[in-house]
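The values are calculated or read from the model by the stated rules, or taken from the named source; none is laboratory data. Computed from a prediction, not measured in an experiment: that's the story for all the values here. Neighbour counts are summed over all protein chains in view; Cβ atoms, including those assigned to glycine, are modelled from backbone coordinates with ideal geometry.
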2 protein chains.
Amino acid sequence: MATSVRGPVAPTTGSLAVQLPLSVDDVEITGGPLGRWQRTSRTASIPLGLAQVEQAGSVPNLRLAAGEGQGDFRGYRFQDSDLYKQLEAVAWEQIRKPDGDYGAFLAGSAELLARAQRPDGYLNSHYQLVKPDLVYAELETSHEMYCAGHLLQAAVAAARAGCAPRLLEVARRFADHLVSVFLAGGNDGIDGHPEVETALVELYRLTGERSYLALAAKLIDNRGRGLIRDTGLGPLYAQDHLPVRQADTAVGHAVRQLYLEAGIVDVYLETGDRTLLDCSVRRWEDMVATKTYLTGGLGSRHDGEAFGERYELPPDRAYAESCAAIASMHWNWRLLLATGDGRYADLFERTLYNAFAASTSADGLRFFYVNPLQRRADHATDRYDGRRREWFECACCPPNIMRTVASLGHYVAGQTDDGLHVHQYVPGTIRSAQVDLTLATDYPWDGRVGITVDRAPGKWQLHLRIPAWSRSTTVTVDGEPVPADPDERGYVVLDSPRRLVELVLDMSPRLVRPHPRVDAIRGCAAVERGPLVYCFEQADQPTDLDELVLAAGTELRIRRTDDLPGVGSTVLIEADAYSVHQPYSGLPYGSLPHPDRTPAIATAVPYYQWDNRDGGAMRVWLPVS
Amino acid sequence: MATSVRGPVAPTTGSLAVQLPLSVDDVEITGGPLGRWQRTSRTASIPLGLAQVEQAGSVPNLRLAAGEGQGDFRGYRFQDSDLYKQLEAVAWEQIRKPDGDYGAFLAGSAELLARAQRPDGYLNSHYQLVKPDLVYAELETSHEMYCAGHLLQAAVAAARAGCAPRLLEVARRFADHLVSVFLAGGNDGIDGHPEVETALVELYRLTGERSYLALAAKLIDNRGRGLIRDTGLGPLYAQDHLPVRQADTAVGHAVRQLYLEAGIVDVYLETGDRTLLDCSVRRWEDMVATKTYLTGGLGSRHDGEAFGERYELPPDRAYAESCAAIASMHWNWRLLLATGDGRYADLFERTLYNAFAASTSADGLRFFYVNPLQRRADHATDRYDGRRREWFECACCPPNIMRTVASLGHYVAGQTDDGLHVHQYVPGTIRSAQVDLTLATDYPWDGRVGITVDRAPGKWQLHLRIPAWSRSTTVTVDGEPVPADPDERGYVVLDSPRRLVELVLDMSPRLVRPHPRVDAIRGCAAVERGPLVYCFEQADQPTDLDELVLAAGTELRIRRTDDLPGVGSTVLIEADAYSVHQPYSGLPYGSLPHPDRTPAIATAVPYYQWDNRDGGAMRVWLPVS
């Protein structure tokens, strides 16, 4: 049975979810970096996105498909999906805070899509306009189901927002067309780019139509059986090398692998096929241990936008696409719902505050597609300047970011019959079926979280995630200390607290060393504090960043500021370091002249706030002397 | 005035070359790795190449262009160039050791090309067959001048071999057509891929026709002025970002940059425009210090086959294309002719024995396109298996390798009016205008080189290069020790030696550390001996290579063997090491459990001999404990 959850993921009441998420508006985030981001996303990013779906061709293409207007198809074959993600973002915003313009945009877009849709339910402006004879004939590259997936997700969001009912009709007609061809019709094709799987499951959750779930399951089962034509990038690129239950490690195009994983866990949740959960967890464990950046970034290769080999994690050439961070959050969230295990909330948090948060400038007007952990002083010899940009020719990331920011409230907590699990700490309020809380905190700048119980049943449990990074944690209930040892899932469990709970997480800055197999950062250290990964930007250093070396065993000193130019409020961290200059001597190997070495102070800024001042050098990992 | 030098580079008597090269057959290499390679290239590689120019479409395409046969154009737009390089290889072989089949192949190909050539001299099977309306209209990607360049070089080689005079006629007609359009005709277009520049200079050297030299100079002067349409890869890709006299560092597609540099030095040699030499030397110094692999490999990025940022030299994702090694040898050779400075011969040797020699399997039947310095155990999750292959869809490398191997004799020594400069040490004979030598040596396995003076004038000088890696060198003349200090160019100069000179270079194995700015190999060391870079292959290790760590200060022990499977004769080097195993603990950062550490012996094999046994892991750089 469908639930009343108005958010991206709403497992049915019969699902195997061990907890249920909240609606996007059940959690109000009133401050902190996430609250600020939700504001700038609404006031700056979304208006930019709405202008771009017009300007970059997504809406004009659909007008042409509807037989309206003049001109040629513009952009990529997946250009429709930019509009769909933008629609989804606006729908979540509409739940957060209704706006008449948003409602009109949703309704108007739904009407346009209805006019553009073929009588049989198929809808894709590129194939309708440019390649009508090749519908479903080149699924390895077509992105037709990928686009359909984003349409379905937008329609589910709009339906949950109570907006634009026409959009759901369009989506269902397309979904029914997919079912008629690929389930009932016996076509065994699968899209080169997973994404429709989670969308079909969600549409099933909303509508109860089981064929959508069955199609999602079939698409997942068919993957890895050589049904995707090789485009020259090899079968790993689109995860077609092995059936999902056999594959041991994340490979190929990272966003594809990660969307696929989210779909796999979604199908497990609704079908109970445990082999799906098991294989996904196995790959998660391998990926976390061998293919994940400190920031949570995933997919180390520019070449093929792909996962590399195990421990292939170069900081400078890290691809770590913003969309991969989002897809990882999708996957981790579903694993958390499936298991209640805090390690998924830990990685969600790491990704949220670092790989994902860095994607957007402080003003909400520029975006990273690629999120490296190092930028050298001479990076501008590259074919672009390595800075955030207002938009992209392939603009998958910005609207993906906006739909995620709009729905952040959904990911803060989970409820069960007997209590509430708080996964992420934000200042604001949480309303659930039985429990309402108010959270007062300056997290992540400060580790104290005051939780006021505004409403609760007589007997209940409050589960508070203790992040793995918190080395000493204290909890008090109504002023009385209580044991703060987390359970095996990483949560402190409090029995029926009545008024005030205070959680204090350990915000001591940490000097972090890499596993010896991570070749590219051997001999280096990074700085973290709370959930934040730090980085060293040239702007804050007294000398050439590329010559800075941390002093072994340096203490880390905190410096709070409210007016870092271009950034605003932040906490800086200072460390003892040396500036080491090696004179020119030809080939950079062999016996080198003795370097000049002078003491220096190295200053770090949260990674998510980087590139808000200039285009200078940046490093997350600094060598240690 | 043209000289009688029968080799790839023959500066005119009026040029600014400080020494002149020898003919390909003036040096006979009778043994050692280079002698063996010349044999396998002739007996195995060249027959394979001759079959492939037919099979992969190069010859059939030209037949179609001549109006003969049936079918469609096959392969890349630069498919003609594979045949041209193969013709050049055969021409040098024909000088080394004439063969009737080779002569027939050259003559037959020349006739075919003559029939395919347009009446106006233009010749390119792709554009004639597929895009006749776009001749010279898309120079940024067309490779028309690139192909022309390879034709010119093949024709020069055939002419110097005294074969297939028709080939030179075809080449001149095409060159004249280029001159009429791009010099006399005022078309300011330049090819996206440099290569024709050196070829035009060489054709000038052969024929004395100054318009060829003038066109080469114009093409070089026009580069970096925005005359190449951006294909989306940016102006750096094709070195069109800055005029050559302003650019400070090697950028973009590595082979393009390096062929361009060879052309720049060639134009300097023949025109005396010193600004060209100066800018090229400036980029050479920067490249050597910041963008060169230990193996001499160049171009660190798969993405765009490009030079990276300064110090961006990842061993695992090293692109280091075989063609880039060849192009670097072209450039270094011309710089050596222009200056006599041994540092260019040093880099030539490093590249020759490592980045270049690794390109080909011991049996001459498989080739690397990409030459990394590390291959992990799980590299086979990549889209190909990371091993040498028999051929490539884009087959630029194999015939390029064959033409270079066939002409190796050309690069061993240089002559001046008063003596001979020996740049590379090989067993065999050197004949020059005034001096004949016999070299007896087991180089590079052994550092002793016995040089017998077979013929010499009364007064002359013998210049022997002392490689920068030789930390102690001795020289005796007729058994008497003489000072072995090199001059400022890196050569020991001996006045009129009469009979026997013995040079002993220091063949102690060396543990080499990287410059601190080379981020990707911090904390590692590599092993070298003589000109050879070594690597550790899994096949020789007692434990998982990816867990091997060298003991700091280890001694290096030599072990000679004549029967390493798949390899044959070699010198192995053993070092003390540890096997360090880090248990699984989730994210590979932060506080990790204490690793298990057990002593082990690490065994290294010359890098050029790797991948001749299995597809296992390999590392040039090992961590040091």
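Regarding the stretch A:274-297, can at least one residue be identified that is within 27 Å of B:E305 (Cα to Cα) and touching a Lys or Arg at 6+ places or on another chain (Cβ under 8 Å)? Full working, then the answer.
Our first condition is that a residue be within 27 Å of B:E305 (Cα to Cα); within the stretch A:274-297, this holds for A:290-293, A:297.
Right, trim to touching a Lys or Arg at 6+ places or on another chain (Cβ under 8 Å) and you get A:290-291.
Within the stretch A:274-297 (the criterion being within 27 Å of B:E305 (Cα to Cα) and touching a Lys or Arg at 6+ places or on another chain (Cβ under 8 Å)), the answer is yes, since at least one residue qualifies.
Restricting attention to strands (runs of 3 or more DSSP E) lying wholly within the stretch A:366-476, give those where 3 or more residues are without any contact (Cβ under 8 Å) to a residue 24 or more places away in the chain. I'd like the intermediate steps shown before the answer.
Numbers: elements: A:413-416, A:419-422, A:428-431, A:436-441, A:448-455, A:461-465.
Counting at least 3 such residues, we get A:436-441.
Conditions (1) closer than 18 Å to A:L34 by Cβ; (2) in contact with a strand residue (DSSP E or B) (Cβ under 6 Å, 6 or more places away or on another chain), marked per residue:
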position	(1), (2)
A:R334	no, no
A:A338	no, no
A:Y344	no, no
A:E349	yes, no
A:Y353	yes, yes
A:F356	yes, no
A:P372	no, no
A:V412	yes, yes
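Of the residues that make up the stretch A:307-317, is at least one outside any loop (DSSP other than H, G, I, E, B), within 14 Å of chain B (Cβ to nearest Cβ), in contact with a helix residue (DSSP H, G or I) (Cβ under 8 Å, 6 or more places away or on another chain) and over 25 Å from A:H143 (Cα atoms)? Give the derivation first.
Pass one, the stretch A:307-317, residues outside any loop (DSSP other than H, G, I, E, B): none.
No, that holds for no residue.
Only one residue in B:R256, B:R334, B:R245 is more than 10 Å from chain A (Cβ to nearest Cβ), of a type in the set (K, R) and surrounded by fewer than 24 Cβ atoms within 10 Å (Cβ to Cβ), so which one is that? Lay out the reasoning, then the answer.
Numbers: B:R256 fails: surrounded by fewer than 24 Cβ atoms within 10 Å (Cβ to Cβ); B:R334 fails: surrounded by fewer than 24 Cβ atoms within 10 Å (Cβ to Cβ).
After applying the criteria, what remains is B:R245.
Looking at the stretch A:270-281, can you tell me whether even one residue there is assigned to a loop (DSSP other than H, G, I, E, B), touching a Phe, Trp or Tyr at 6+ places or on another chain (Cβ under 7 Å) and either among the basic types (K, R) or surrounded by fewer than 21 Cβ atoms within 10 Å (Cβ to Cβ) (or both)? Can you show your working first?
From the stretch A:270-281, those assigned to a loop (DSSP other than H, G, I, E, B) are A:272-273; that's our starting set.
Of the ones still in play, those that are also touching a Phe, Trp or Tyr at 6+ places or on another chain (Cβ under 7 Å) are none.
Checking the stretch A:270-281: not a single residue is assigned to a loop (DSSP other than H, G, I, E, B), touching a Phe, Trp or Tyr at 6+ places or on another chain (Cβ under 7 Å) and either among the basic types (K, R) or surrounded by fewer than 21 Cβ atoms within 10 Å (Cβ to Cβ) (or both).
Starting from residues that are hydrophobic (A, V, I, L, M, F, W, C) and either more than 20 Å from B:A484 (Cα to Cα) or assigned by TED's automatic domain parsing to the domain that holds B:R350 (or both), keep the ones in the stretch B:417-467 and report whichever is farthest from the chain's Cα centre (by Cα).
So the first thing to find is which residues in the stretch B:417-467 are hydrophobic (A, V, I, L, M, F, W, C), and the list is B:420, B:422, B:426, B:430, B:433, B:435, B:437, B:439-440, B:445, B:449, B:451, B:453, B:456, B:460, B:462, B:464, B:466.
Applying the additional criterion that residues be either more than 20 Å from B:A484 (Cα to Cα) or assigned by TED's automatic domain parsing to the domain that holds B:R350 (or both) yields B:430, B:433, B:435, B:445, B:456.
Numbers: B:I430: 22, B:A433: 27, B:V435: 28, B:W445: 21, B:A456: 32 Å.
The extreme case among them is B:A456.
Does A:V549 satisfy being touching a residue at least 60 places away in the same chain (Cβ under 8 Å), over 26 Å from the mean Cα position of the chain (by Cα), within 14 Å of chain B (Cβ to nearest Cβ) and in a strand (DSSP E or B)? I'd like the intermediate steps shown before the answer.
Values: touching a residue at least 60 places away in the same chain (Cβ under 8 Å): yes; over 26 Å from the mean Cα position of the chain (by Cα): yes; within 14 Å of chain B (Cβ to nearest Cβ): yes; in a strand (DSSP E or B): yes.
Taking the combined requirement at face value, the residue satisfies it.
Conditions tested, residue by residue: (1) under 23 Å from B:A377 (Cβ atoms); (2) outside the structural domain of A:H379 (by TED's automatic domain parsing); (3) touching a Phe, Trp or Tyr at 6+ places or on another chain (Cβ under 7 Å); (4) at pLDDT 95 or above.
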site	(1), (2), (3), (4)
A:M287	yes, no, no, yes
A:G297	no, no, no, yes
A:S300	yes, no, yes, yes
A:G340	no, no, no, yes
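Could you tell me whether the stretch B:322-331 includes any residue that is more than 14 Å from chain A (Cβ to nearest Cβ), touching a helix residue (DSSP H, G or I) at 6+ places or on another chain (Cβ under 6 Å) and farther than 21 Å from B:F367 by Cβ?
Step one: list which residues in the stretch B:322-331 are more than 14 Å from chain A (Cβ to nearest Cβ), which gives B:322-327, B:329-331.
Subsequent filtering for residues that are touching a helix residue (DSSP H, G or I) at 6+ places or on another chain (Cβ under 6 Å) retains B:322-327, B:329-331.
This time we only want the ones that are farther than 21 Å from B:F367 by Cβ, so: B:331.
Yes, some residue in the stretch B:322-331 is more than 14 Å from chain A (Cβ to nearest Cβ), touching a helix residue (DSSP H, G or I) at 6+ places or on another chain (Cβ under 6 Å) and farther than 21 Å from B:F367 by Cβ.
Which pairs have Cβ atoms under 8 Å, sit 6 or more apart or on different chains, and link a residue in the stretch A:48-66 that is assigned to a loop (DSSP other than H, G, I, E, B) and of a type outside the set (D, E, K, R) to one that is at pLDDT 95 or above and crowded, with 23+ Cβ neighbours inside 10 Å?
Close Cβ pairs (under 8 Å, with a partner that is at pLDDT 95 or above and crowded, with 23+ Cβ neighbours inside 10 Å) amount to A:A56/A:Q79; A:A56/A:D82; A:G57/A:Q79.
Would you be able to tell me the number of residues in the stretch B:503-538 that are more than 7 Å from chain A (Cβ to nearest Cβ), of a type in the set (V, I, T) and closer than 19 Å to B:T554 by Cα?
Summing the residues that are more than 7 Å from chain A (Cβ to nearest Cβ), of a type in the set (V, I, T) and closer than 19 Å to B:T554 by Cα in the stretch B:503-538 gives 3.
Hey, among the residues in the stretch A:593-615 that are buried (at least 17 other Cβ atoms within 10 Å of the Cβ), assigned to a loop (DSSP other than H, G, I, E, B) and at negative phi, which one's nearest to the other protein chains (Cβ to nearest Cβ)?
Within the stretch A:593-615, the match that is nearest to the other protein chains (Cβ to nearest Cβ) is A:W610.
Could you tell me whether B:P623 is within 12 Å of chain A (Cβ to nearest Cβ), part of a loop (DSSP other than H, G, I, E, B) and within 29 Å of A:L313 (Cβ to Cβ)?
On the way: within 12 Å of chain A (Cβ to nearest Cβ): yes; part of a loop (DSSP other than H, G, I, E, B): no; within 29 Å of A:L313 (Cβ to Cβ): yes.
No, not satisfied.
Only one of B:G57, B:G49, B:G67 is farther than 30 Å from B:L439 by Cα and under 20 Å from the mean Cα position of the chain (by Cα); which? Walk me through it before giving the result.
On the way: B:G57 fails: under 20 Å from the mean Cα position of the chain (by Cα); B:G67 fails: under 20 Å from the mean Cα position of the chain (by Cα).
So the residue among B:G57, B:G49, B:G67 that is farther than 30 Å from B:L439 by Cα and under 20 Å from the mean Cα position of the chain (by Cα) is B:G49.
Give the number of residues within the stretch A:527-571 that are of a type in the set (G, A, S), within 26 Å of A:W469 (Cβ to Cβ) and out of contact with any Leu (no Cβ under 8 Å at 6 or more places or on another chain). Walk me through how you get there before you give the answer.
Keep residues of the stretch A:527-571 that are of a type in the set (G, A, S), which gives A:530, A:539, A:551-553, A:566, A:568-569.
Of the ones still in play, those that are also within 26 Å of A:W469 (Cβ to Cβ) are A:530, A:551-553, A:568-569.
Keeping just the survivors that are out of contact with any Leu (no Cβ under 8 Å at 6 or more places or on another chain) gives A:551-553, A:568-569.
Looking only at that region, the number is 5.
Inspect the stretch B:288-298 for any residue being small (G, A, S) and over 30 Å from B:Q374 (Cα atoms) and give the result as yes or no. Can you show your working first?
From the stretch B:288-298, those small (G, A, S) are B:289, B:296-297; that's our starting set.
Still in the list and also over 30 Å from B:Q374 (Cα atoms): none.
No, the stretch B:288-298 contains no residue that is small (G, A, S) and over 30 Å from B:Q374 (Cα atoms).
Out of B:G67, B:G71, B:G100, which single residue is surrounded by fewer than 17 Cβ atoms within 10 Å (Cβ to Cβ), closer than 18 Å to B:V135 by Cβ and not aliphatic (A, V, I, L, M)? First the steps, then the outcome.
Working: B:G71 fails: closer than 18 Å to B:V135 by Cβ; B:G100 fails: closer than 18 Å to B:V135 by Cβ.
Result of the check over B:G67, B:G71, B:G100: B:G67.
B:A250 fails exactly one of the following numbered conditions: (1) hydrophobic (A, V, I, L, M, F, W, C); (2) out of contact with any strand residue (DSSP E or B) (no Cβ under 7 Å at 6 or more places or on another chain); (3) buried (at least 22 other Cβ atoms within 10 Å of the Cβ); (4) more than 14 Å from every other protein chain (Cβ to nearest Cβ). What is the number of that condition?
(4)
Taking the conditions exactly as written (within 30 Å of A:L313 (Cα to Cα) and not β-branched (V, I, T)), does B:A250 satisfy them or not?
Answer is yes for this residue.
Consider B:I228 carefully, then state whether it is touching a residue at least 24 places away in the same chain (Cβ under 8 Å), over 22 Å from B:T12 (Cα atoms), buried (at least 18 other Cβ atoms within 10 Å of the Cβ) and among the aliphatic types (A, V, I, L, M). Quick ask: steps written out before the conclusion?
Details: touching a residue at least 24 places away in the same chain (Cβ under 8 Å): yes; over 22 Å from B:T12 (Cα atoms): yes; buried (at least 18 other Cβ atoms within 10 Å of the Cβ): yes; among the aliphatic types (A, V, I, L, M): yes.
Criteria met by B:I228.
I'd like the full set of residues that are of a type in the set (S, T, Y) and either crowded, with 24+ Cβ neighbours inside 10 Å or within 14 Å of another protein chain (Cβ to nearest Cβ) (or both), limited to the stretch B:358-378. Walk me through it before giving the result.
At the first step, the residues of the stretch B:358-378 found to be of a type in the set (S, T, Y) are B:359-361, B:369.
Residues satisfying the conditions are B:S359, B:T360, B:Y369.
Look at A:A216 and say whether it is at pLDDT 95 or above and within 25 Å of the chain's Cα centre (by Cα). Steps first, please.
On the way: at pLDDT 95 or above: yes; within 25 Å of the chain's Cα centre (by Cα): yes.
Answer is yes for this residue.
Output the number of the condition that B:A289 fails; it satisfies all remaining conditions of (1) out of contact with any His (no Cβ under 9 Å at 6 or more places or on another chain); (2) assigned to a helix (DSSP H, G or I).
(1)
Could you grab me the full set of residues in the stretch B:559-592 that are in a loop (DSSP other than H, G, I, E, B) and surrounded by 15 or more Cβ atoms within 10 Å (Cβ to Cβ)? Don't jump to the end; show me each part of the working.
Initially, the stretch B:559-592 is screened for residues in a loop (DSSP other than H, G, I, E, B), giving B:565-567, B:582-588, B:590-592.
Across the stretch B:559-592, the qualifying residues are B:V567, B:Q582, B:G586, B:L587, B:P588, B:G590, B:L592.
Filter the stretch A:292-306 down to the residues that are surrounded by fewer than 24 Cβ atoms within 10 Å (Cβ to Cβ) and in contact (Cβ under 8 Å) with a residue 40 or more places away in the chain, then identify the one that is farthest from the other protein chains (Cβ to nearest Cβ).
Going residue by residue through the stretch A:292-306, those that are surrounded by fewer than 24 Cβ atoms within 10 Å (Cβ to Cβ) are A:301-305.
With in contact (Cβ under 8 Å) with a residue 40 or more places away in the chain added as a condition, the list becomes A:302, A:304-305.
Values: A:H302: 4, A:G304: 7, A:E305: 10 Å.
If we take residues in the stretch A:292-306 being surrounded by fewer than 24 Cβ atoms within 10 Å (Cβ to Cβ) and in contact (Cβ under 8 Å) with a residue 40 or more places away in the chain, then A:E305 is farthest from the other protein chains (Cβ to nearest Cβ).
What is the number of the single condition among (1) in contact with a helix residue (DSSP H, G or I) (Cβ under 9 Å, 6 or more places away or on another chain); (2) of a type in the set (A, V, I, L, M, F, W, C); (3) surrounded by fewer than 23 Cβ atoms within 10 Å (Cβ to Cβ) that A:I190 does not meet?
Just one mismatch for A:I190, condition (3).
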